[in-house]
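What follows is a short report on a single structure.
The values are calculated or read from the model by the stated rules, or taken from the named source; none is laboratory data. Owing to the predicted nature of the structure, the values given are computational and were not obtained by experimental measurement. Positions of Cβ are backbone-derived with ideal geometry, glycine not excepted, and every protein chain shown enters the neighbour counts. Ligands, DNA and RNA are excluded from the accessible area calculation, which covers all protein heavy atoms including side chains. Shrake-Rupley method; radii C 1.70, N 1.55, O 1.52, S 1.80 Å.
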Amino acid sequence: ASGNVSTTLKAPLSQHLIKLNQIRQAIPALSMGQYTTENVSGEMAFIRRYTDSTIDSLALVTISNGATFRNIPNGTYVDVVTGDRITVNSNTLNTPNISKGNLRVYVLENSTTGTLSKIGNTTTYLK
């Protein structure tokens, strides 16, 4: 892209939207999964899960502040926003407090996801 389009794509809000779309496209639970707040405590937090014969995708999402997710599978969860890794052994994940308007998406690593890491670049709004 060049000119005004290039300038627009480099703007903080455009970079924010690009990263959100990259995350949504990479994690099946976010694009096709069922939504629930059962066993979740936090202001703006929820679970999305998608399964079929070849995919098992589980995402724990919190927006602004931290959250607690209970009765989840044990294993390694990776925040695809920052790359933070948390190992769950007690079927409960407590996310750290984050700034208002920020986002964390902890995704369970398993045989269908493979090894996960940070998706996209750090942006003005997603740190």
Selected residue (only one of 24, 49 is free of Cβ contacts under 8 Å to residues at least 24 places away in the same chain, more than 27 Å from residue 124 (Cβ to Cβ) and touching a helix residue (DSSP H, G or I) at 6+ places or on another chain (Cβ under 6 Å)): 49
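Conditions (1) over 13 Å from the mean Cα position of the chain (by Cα); (2) assigned to a strand (DSSP E or B); (3) closer than 20 Å to residue 18 by Cβ; (4) β-branched (Val, Ile, Thr), marked per residue:
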| site | (1), (2), (3), (4) |
| --- | --- |
| 107 | no, yes, yes, yes |
| 112 | yes, no, no, yes |
| 121 | yes, no, yes, no |
| 125 | yes, no, yes, no |
task: Quick one: residue 25 ticks every box in (1) loosely packed, with under 13 Cβ neighbours inside 10 Å; (2) in a loop (DSSP other than H, G, I, E, B) except a single one, so which number is it?
output: (2)
- prompt: From the list 58, 108, 126, which residue is hydrophobic (A, V, I, L, M, F, W, C), closer than 19 Å to residue 26 by Cα and modelled with pLDDT under 95?
  reply: 126
message: residue 108 - would you say it is of a type in the set (A, V, I, L, M, F, W, C), open to solvent by 20 Å² or more (accessible area, probe 1.4 Å) and touching an Asp or Glu at 6+ places or on another chain (Cβ under 9 Å)?
response: no
- prompt: Scanning the stretch 86-100 for residues that are in a loop (DSSP other than H, G, I, E, B) and within 14 Å of the chain's Cα centre (by Cα), which turns out surrounded by the fewest Cβ atoms within 10 Å (Cβ to Cβ)?
  reply: 96
